[in-house]
Each structure stands twice: as structure tokens, then as C-alpha cells.
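Trainee: The following block contains the structure, expressed as C-alpha cells.
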Amino acid sequence: MKPYLEHIAAPKDSSWVLFDRKLKSIPFEWHYNSEYELTLTLNSRGQRFIGDNVSSYDDGDLVLIGPKIPHTWCSRQDVTPGEMHQALVLWFSDEFVKGIVQPHAEFRPILKLLAKSSRALTFSEGVRKKAQFIIREMPAQGAGERLLGLLKVLLLLASDTRATFLTSVANQSESFPLPTEERIGKVISYLHAHYREEIPISRLTRMAALSRSSLHRLFKLQTRMTITQYVAQLRVGNACALLLNSEKPISILAEEVGYSSVAHFNRQFKALKNQTPREFRQAFT
């Protein structure tokens, strides 16, 4: 599983990152970025998980995600059989916003758009189609053309009066000095790789080089939940993907995501999703 906190380095000839990702299928990889992320998904159908939102997506899905909102896509099928699933991902940082967008009055609508991205946004069909045309041209363009294209796309999205929020609350994660963020990032990455297991707190404190109390305090400041709550979110989030993408019995799925008791799994699932695992599966079939 990928690290939870994904650091993205811009190439030398660019102030932002364009990633053209082509896969046979899009796997469940629950993570977040420090950057803003705009993702266009092509030739793919499945479910996307963004913060506390679980929704179906289809070909041409376009979502803007603010910094540090956990998210992943999980494909179910391709639209054109035999062709690759494609995700065109645009990442840009606060430094990019402050250096290029913020100083210019013409780009003020973009600042309002990015403020709204703290709850993640999806866009109306007409705007998605126009944005898709611009974004699909980017991989073949030079760095200067791509930058102009990015600004044009953001202005287009900012004009969409029918854009809708995805998450129920805005992300309010604290900003930390990089060394502190990296310590908590190591812990979070470990939890993502080992959430199915019983994890002693002593192992996490050694990994982060923090006292028990400091680890709990900083972890909660950054994630807005305790370590126990976070592991429950991971287990239930991965259970959602398994419920939607396999026909395995719920008792087997519960064990696969780390629950020795099906009753405990059902209680935690309902507490987080307001429905039982069976009801969740039926809602998407």
C-alpha cells in the first residue's frame, strides 16, 4: 500500500505536476497529498472514496480535492473492454497558488474555488466535458502551454454554479513543520500497511521518536481522530471496497480487514456508515 502522506516533487521545468496514470484497473490506495489535486478519470467505472463520501464514478469523472483529504478510487470495470483505465492527475501546491494565482485580481475566482475544495468538489456535466478537452491535451504540450491550460481549467471550474460538495465537513487538518509531519506520516503509513493487525502503541512511539502523550496529541491534531478511530476508519474503508468489488461473505471480509468478531465489525461499520455492511452492499448493486 502506498504511503499515506504522498510527497510530490514538481519537475525542473514546471511549478506543478501532471501525472498520466494508465492501469489495467485502479486499486484501492487510501492516501492524501499536501497539494491540491484535480483528477480526471477515463475509461473506468467504480467507486471513489473521498473523506467521508463514498460514490459511484463513471467515465469522465472530474474531482477537485483540497490538501490532506484522504481519498482513493477503486475501479470495477473498464468502459471500453481491453483498454487501460486512465487517470490524469494535476497537483499544485500552496506555493503555486501564492506565487501565480493570488497576486492577480483576474484569478480571484480560483481562490474561491480552492477554498471550497476543503470539502472536495465534483462538477456539472457540461463543465466536465469542456475541462476534459483541455486536460487531455496537456500530456503532449510543453510546460508553458500546460500552465496556461491549468489556469484555464481552474477558471472554468470556478465558473460552475452547479458544482457540488462531496464531503460533509471541511478538512481542518493542522499544518506542522515538515519534520513533525514526517514523523506522523511514518506512523500513518505504518497503520495503512498493518491496520489488519494488533499494533502496540510502543511500536508507534519508537517509530515516531515521540513520547506516548506527544504521539496521541500530534496524531489527533493532524488527523482529527485518535489512533484507534483512525484504524477503524481504515478497516471500514477497505471493507467498503471489498463489499463492492467481491461477493465474499461478510464474515470473511470482516476477518480480512482485521476483525476477529463479526458483531464488532457490524457495530463499527454501522457507527461510521449509518448502515450495516449488508445494507451498504445492497445499495450499490
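The values are calculated or read from the model by the stated rules, or taken from the named source; none is laboratory data. Here the structure is a predicted model, which is why all the values come from computation and not from measurement. No Cβ is skipped: glycine too gets one built from the backbone with ideal geometry, and neighbour counts run over all protein chains shown.
Trainee: List the pairs whose first member sits in the stretch 179-194 and is basic (Lys, Arg), whose second member is part of a helix (DSSP H, G or I), and whose Cβ atoms are under 7 Å apart, counting only residues at least 6 apart or on separate chains?
Mentor: ARG183/ALA208; LYS186/MET207; LYS186/ALA208
Trainee: Here's a follow-up. Could you say whether any residue in the stretch 117-126 is surrounded by 13 or more Cβ atoms within 10 Å (Cβ to Cβ), over 19 Å from GLY66 (Cα atoms) and in contact (Cβ under 8 Å) with a residue 60 or more places away in the chain?
Mentor: Pass one, the stretch 117-126, residues surrounded by 13 or more Cβ atoms within 10 Å (Cβ to Cβ): 117-124.
Still in the list and also over 19 Å from GLY66 (Cα atoms): none.
Checking the stretch 117-126: not a single residue is surrounded by 13 or more Cβ atoms within 10 Å (Cβ to Cβ), over 19 Å from GLY66 (Cα atoms) and in contact (Cβ under 8 Å) with a residue 60 or more places away in the chain.
Trainee: Only one of these is modelled with pLDDT of 95 or more, closer than 30 Å to LYS220 by Cβ and either assigned by TED's automatic domain parsing to the domain that holds LEU23 or not in a helix (DSSP H, G or I) (or both): LEU88, LEU156, LEU113, LEU150. Name it. Steps first, answer last, please.
Mentor: Numbers: LEU88 fails: closer than 30 Å to LYS220 by Cβ; LEU156 fails: closer than 30 Å to LYS220 by Cβ; LEU150 fails: closer than 30 Å to LYS220 by Cβ.
Of LEU88, LEU156, LEU113, LEU150, the one residue that is modelled with pLDDT of 95 or more, closer than 30 Å to LYS220 by Cβ and either assigned by TED's automatic domain parsing to the domain that holds LEU23 or not in a helix (DSSP H, G or I) (or both) is LEU113.
Trainee: In the stretch 86-131, what count of residues is obtained for those that are farther than 21 Å from GLN47 by Cβ and within 16 Å of the chain's Cα centre (by Cα)?
Mentor: Residues in the stretch 86-131 being farther than 21 Å from GLN47 by Cβ and within 16 Å of the chain's Cα centre (by Cα): 7 in total.
Trainee: Identify, from the list GLN268, GLN222, GLN282, GLN275, the residue that is in a helix (DSSP H, G or I) and exposed (fewer than 14 other Cβ atoms within 10 Å of the Cβ). It would help to see each step written out before you state the result.
Mentor: On the way: GLN268 fails: exposed (fewer than 14 other Cβ atoms within 10 Å of the Cβ); GLN222 fails: exposed (fewer than 14 other Cβ atoms within 10 Å of the Cβ); GLN275 fails: in a helix (DSSP H, G or I).
Selected residue: GLN282, the only one of GLN268, GLN222, GLN282, GLN275 that is in a helix (DSSP H, G or I) and exposed (fewer than 14 other Cβ atoms within 10 Å of the Cβ).
Trainee: Here is a further query. Go through (1) under 18 Å from PHE28 (Cβ atoms); (2) in contact with an Asp or Glu (Cβ under 8 Å, 6 or more places away or on another chain) and name the single condition ILE250 misses.
Mentor: (2)
Trainee: Tally time: how many residues in the stretch 182-219 are among the hydroxyl-bearing types (Ser, Thr, Tyr), assigned to a helix (DSSP H, G or I) and over 18 Å from SER34 (Cβ atoms)?
Mentor: If we filter the stretch 182-219 for residues that are among the hydroxyl-bearing types (Ser, Thr, Tyr), which is where we start, we get 189-190, 195, 202, 205, 211, 213-214.
Now drop any that are not assigned to a helix (DSSP H, G or I), which leaves 189-190, 202, 205, 213-214.
Imposing the further condition that a residue be over 18 Å from SER34 (Cβ atoms) reduces the set to 190, 202, 205, 213-214.
Adding up the residues that qualify gives 5.
Trainee: Right, next: For ARG183, state whether it is more than 29 Å from GLN47 (Cβ to Cβ), over 18 Å from the mean Cα position of the chain (by Cα) and assigned by TED's automatic domain parsing to the domain that holds GLU256. Break it down stepwise before answering.
Mentor: Values: more than 29 Å from GLN47 (Cβ to Cβ): yes; over 18 Å from the mean Cα position of the chain (by Cα): yes; assigned by TED's automatic domain parsing to the domain that holds GLU256: yes.
Against the criterion (more than 29 Å from GLN47 (Cβ to Cβ), over 18 Å from the mean Cα position of the chain (by Cα) and assigned by TED's automatic domain parsing to the domain that holds GLU256), ARG183 qualifies.
Trainee: Quick one: is GLY82 surrounded by fewer than 19 Cβ atoms within 10 Å (Cβ to Cβ), in the same structural domain as PRO67 (by TED's automatic domain parsing) and at positive phi? Outline the logic, then answer.
Mentor: On the way: surrounded by fewer than 19 Cβ atoms within 10 Å (Cβ to Cβ): yes; in the same structural domain as PRO67 (by TED's automatic domain parsing): yes; at positive phi: yes.
When the stated conditions are applied, GLY82 passes them.
Trainee: Among the residues of the stretch 227-262, write down those that are farther than 18 Å from GLU198 by Cβ and surrounded by fewer than 16 Cβ atoms within 10 Å (Cβ to Cβ).
Mentor: Here is the first cut: in the stretch 227-262, the residues farther than 18 Å from GLU198 by Cβ are 237, 240-253.
Listed by number, the residues that qualify are SER246, GLU247, LYS248, PRO249, SER251, ILE252.
Trainee: I would also like to ask the following. May I ask you to list pairs of residues, at least six apart or on different chains, whose Cβ atoms are under 6 Å apart, with the first in the stretch 246-273 being on the phi < 0 side of the Ramachandran plot and modelled with pLDDT of 95 or more and the second being part of a helix (DSSP H, G or I) and surrounded by fewer than 16 Cβ atoms within 10 Å (Cβ to Cβ)?
Mentor: That search, which allows pairs on different chains as well, returns VAL262/SER251.
Trainee: Go through the stretch 57-79 and count every residue that is outside any loop (DSSP other than H, G, I, E, B) and either in contact (Cβ under 8 Å) with a residue 60 or more places away in the chain or surrounded by fewer than 21 Cβ atoms within 10 Å (Cβ to Cβ) (or both). So that I can check it myself, show each step before the final result.
Mentor: Taking the stretch 57-79 and keeping what is outside any loop (DSSP other than H, G, I, E, B), we get 57, 61-65, 71-77.
From the residues that got through so far, the ones that are either in contact (Cβ under 8 Å) with a residue 60 or more places away in the chain or surrounded by fewer than 21 Cβ atoms within 10 Å (Cβ to Cβ) (or both) too are 61-64, 72, 74, 76-77.
Residues meeting the conditions: 8.
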